[in-house]
Amino acid sequence: MTAAERATERARNGPTVGDHGGDVDAEIERGLQQVGRDVAKRGAEIIAEIWDHRDEPLVPLEISGGVLIETYLGSIVLLIGGTGAGKTSLALDVAIHHAVNRGPAIVASLELVKRILGARVIGIRCGESWPGVLTGHVQHEHMLQQWPNRLRIIERRDATIENLHASVAAVRAEFPGEPLLLVVDYVQLMDNPEREIRRRVAQAMAQLDDLATEHRAVILALSQGSRASARQLASGKKLGRETADAGAEAAELERWSVYTIGIGGHGPTVDEWSVVDLSIGKGRLGGGDTVRSAYYCGRTGAWRVTGDARPAAEVRTERQGEKAGKGQRSAELAILGAAGQATEPKTRAELGSLAGVGKAETRSAAITALLGRDELVEVEMRANPRGAVAWKVWTRERAVAAGIRIIERVSGLDGEP
């Protein structure tokens, strides 16, 4: 047997008795120690696994109003948001809908005790705040009626990877054939021998991936956003694909995830509900780089989605246009106010300076719009006697009162002096 053949044999089966390397040189020996064993899968093995799971349906993750995403059993979905964004409430709402409509759901919280989690579940179901649930605003019998039979809670120190394996196996045995959802809140708190945070998060995600694969479960893993990304999410600057790397340990989280869902900033509250962006950043099964509009009730923790998912680029362009429109209208109001207070006609530049509108393009667009609506008029006073024809501007009322002739506007003479 050649050295190469002996290396292949040992890589597949490990060392044999009496095999001390022989004529295998030191370099190959060192390589064998690092390689360990042959893990490359052949086509027949891969195809057999595909065929074995061919009848498994995609699992919807849904809240009131519709489905957020659909994913396959054995996958991880990452939910990202800053502190106070509503991650836990959204995950609980997803778990509740899954337990009521689909199959068993386990919520493992490394942050909250079961009493608080239970109160939040009841609050979402009953339309009550969780402090209200804790203080007896919902009767005991009504709480029992509202609790989904297939929902389980694991709290804090009990949420070890070993206990998660055991609990998932037990629930799967109790509800055979039903798709199982495991919520982990949140990944950065999972414990393992790694001490450095990025390595610990990477190890935690690898462990969750093993669990999802072994038990054919869908895992909804929650992650804190980094400080910078949390601010960008809250401000709406990150949308769609841009939210995929918003986790505090982005690379370690995103690489294991089939989908990422980012919670954006909350808009004004109307009747206890505020508008929130839900961005599907990464979507290996399609639907990525999109934004879904949702409503969040901070008092009860309930969520609902409205409308269909839209391409992030479309939403971004629309909002940039809205922002530009608001900026121009603000400039118009400031310039109109300055013209009304001016004691004589002013050049466009002078009006912009008086109004505090520094950008020439904003000033020009605002004054052109005001002239078009006859809120400002051009008067027979040249902005620059030796330059091209450009008239000073004022309000109609002041020009009439001062007896200054108003110029009928002619197309092409709207330039800045």
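The values are calculated or read from the model by the stated rules, or taken from the named source; none is laboratory data. Since we're looking at a predicted model, the values are computed, not measured. As a convention, Cβ positions derive from the backbone with ideal geometry for all residues, glycine included, and neighbour counts pool all protein chains shown.
Within region 206-236, the only residue that satisfies the criterion of being in contact with a Phe, Trp or Tyr (Cβ under 6 Å, 6 or more places away or on another chain) and hydrophobic (A, V, I, L, M, F, W, C) is Leu222. For region 64-87, a residue qualifies if it is in contact with a helix residue (DSSP H, G or I) (Cβ under 7 Å, 6 or more places away or on another chain) and either crowded, with 24+ Cβ neighbours inside 10 Å or part of a helix (DSSP H, G or I) (or both), and the qualifying residues are Ile76, Leu78, Leu79, Ile80, Gly81. Checking Val315, Val291, Val305 one by one, the residue that is on the phi < 0 side of the Ramachandran plot, among the aliphatic types (A, V, I, L, M) and modelled with pLDDT under 85 is Val315 and no other.
Considering every residue within region 321-331, establish whether at least one is free of Cβ contacts under 8 Å to residues at least 12 places away in the same chain, among the hydrophobic types (A, V, I, L, M, F, W, C), in the same structural domain as Glu380 (by TED's automatic domain parsing) and farther than 30 Å from Ser64 by Cβ. There is at least one residue in region 321-331 that is free of Cβ contacts under 8 Å to residues at least 12 places away in the same chain, among the hydrophobic types (A, V, I, L, M, F, W, C), in the same structural domain as Glu380 (by TED's automatic domain parsing) and farther than 30 Å from Ser64 by Cβ. For first residues located in region 92-108 and crowded, with 24+ Cβ neighbours inside 10 Å, partners that are charged (D, E, K, R) and in a helix (DSSP H, G or I) and lie 6+ apart or on another chain with Cβ distances below 6 Å form the pairs Leu92/Arg120. Name the one entry in Ala324, Ala338, Ala349 that is at pLDDT below 85 and farther than 30 Å from Val94 by Cβ. Every option except Ala324 fails the conditions. Restricted to region 146-188, and to residues there that are basic (Lys, Arg) and in contact with a strand residue (DSSP E or B) (Cβ under 9 Å, 6 or more places away or on another chain), the residue that is farthest from Val201 (Cα to Cα) is Arg150. The single residue among Thr88, Thr83 that is farther than 20 Å from Asn163 by Cβ and in contact (Cβ under 8 Å) with a residue 40 or more places away in the chain turns out to be Thr83.
Going through (1) under 22 Å from Asp289 (Cβ atoms); (2) touching a strand residue (DSSP E or B) at 6+ places or on another chain (Cβ under 8 Å); (3) free of Cβ contacts under 8 Å to residues at least 24 places away in the same chain one by one, Pro268 falls short only on (1).
The residues listed here are Glu344, Glu318; of these, the one that is without any contact (Cβ under 8 Å) to a residue 12 or more places away in the chain and among the charged types (D, E, K, R) is Glu318. Is it the case, given these coordinates, that Arg292 is basic (Lys, Arg) and surrounded by fewer than 21 Cβ atoms within 10 Å (Cβ to Cβ)? Judged against the criteria, Arg292 is not a match. Among the residues of region 314-366, those that are charged (D, E, K, R) and closer than 30 Å to Ser293 by Cβ comprise Glu314, Arg316, Glu318, Arg319, Glu322, Lys323, Lys326, Arg329, Glu332.
Among the residues of region 189-214, the ones that are out of contact with any strand residue (DSSP E or B) (no Cβ under 8 Å at 6 or more places or on another chain), in contact (Cβ under 8 Å) with a residue 12 or more places away in the chain and under 20 Å from Val59 (Cα atoms) come to 2 in all.
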